[in-house]
Structure formats: structure tokens, C-alpha cells
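This report concerns only the one structure given below.
What follows draws every value from the coordinates through simple rules; no lab data is involved. None of the values given here were measured: they were computed from a predicted structure. Cβ atoms come from the backbone with ideal geometry, glycine included; neighbour counts cover every protein chain shown.
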């Protein structure tokens, strides 16, 4: 059994806006979400180890997730000047990724078999080696929740964590599955 109070405190001290318990049994991996990845609106489909098809098919992802029963959700929420404030969106995303990686390093000694699932594709390398060579840093590879087939808003709802914080806000969400 995880000590959620300790994990929430650690996550908040690391810099996340919100940290909440996650019951892995609530996670649904949906082909419809993976289909959204295939539409390639972000431009990463087929170009990174962290994104489909490089991260594995849905059954591969399911096998990884099913090894866990508990975890935590982490969020970074930012405020936008208006709904088109891409600069604030990018800054919030950057803050979330930095906090996520810092927290990952804090958790790794405590949970060496954890599965870290982030927001957005991996940004460890300027140019990914996919598909010609193996990942340079597989221990730091962050696969997005959507690449696993998770509808992030539903995972948040099913675990009592808001996903929408009102007009002119943006929330980036990730999770750590812990043994």
C-alpha cells in the first residue's frame, strides 16, 4: 500500500500544481485514442520512440500497465492571457516536463520498477533515433498517456482529479505507476 500523503507532499514540493492517488484499475486503454495519435496532429506519429507506433501496440502498453495496481496522477496548471496564448501553453508544458523529470529522479530510488507516463512526447534528444537506431536514453524515455491509449480527461475524472480548471487555463497531466 502506497503512502499517498507522503507522495502527494513530495509531488507538490517538486512543483506540481496537483497530485492525486491513481487506481490503475480505472485506466482504460482505448483504440480510439490511439487513432487520434495516428491522425498525427502533433507531428510526432511515426517519428519518435515515445509515440505510436514506436512505443508499441496497445497490447504491449496494456501488458506494461497491468503490472501495477496503484500510482499517482500529477498535474501542472497554467494561466493563459487568452485562449490563444501559445507562449504560456509552451511555458507550462516546459515547466511540467522539467518537474516530471525531476520528480522521476526522486522516485526512482524508492520505486525502481515504476512506470512513468507523461504529457507530450519525449524531448530528451533534439532528434530522435526512431526507427533506425535504438533509443539513446531508454531509462529516460517518457511515453505520453495518449500514446498508451488513455483518455486523460477520463483518467482524471475516474480518480477525482479535475482536468478542466476554467477558461484561460491549461493543464498538463502525467502519472507514475508504482509497485
Show log10 I(q)/I(0) for the range 112-169 at q = 0.19, 0.26 Å⁻¹, two decimals, from a solvent-free Debye sum over equal Cα scatterers.
-0.83, -1.12
Debye intensity ratio I(q)/I(0), log10, the range 7-73, q values 0.13, 0.18, 0.29 Å⁻¹ (C-alpha model):
-0.52, -0.86, -1.09
Cβ density ranking, 10 Å radius, fewest first, applied to 50, 25 yields 25, 50
The whole-number value in µm²/s of the Stokes-Einstein translational diffusion coefficient for the chain, with Rh from the Kirkwood sum over alpha carbon pairs at 4 °C and 1.567 mPa s, is 78
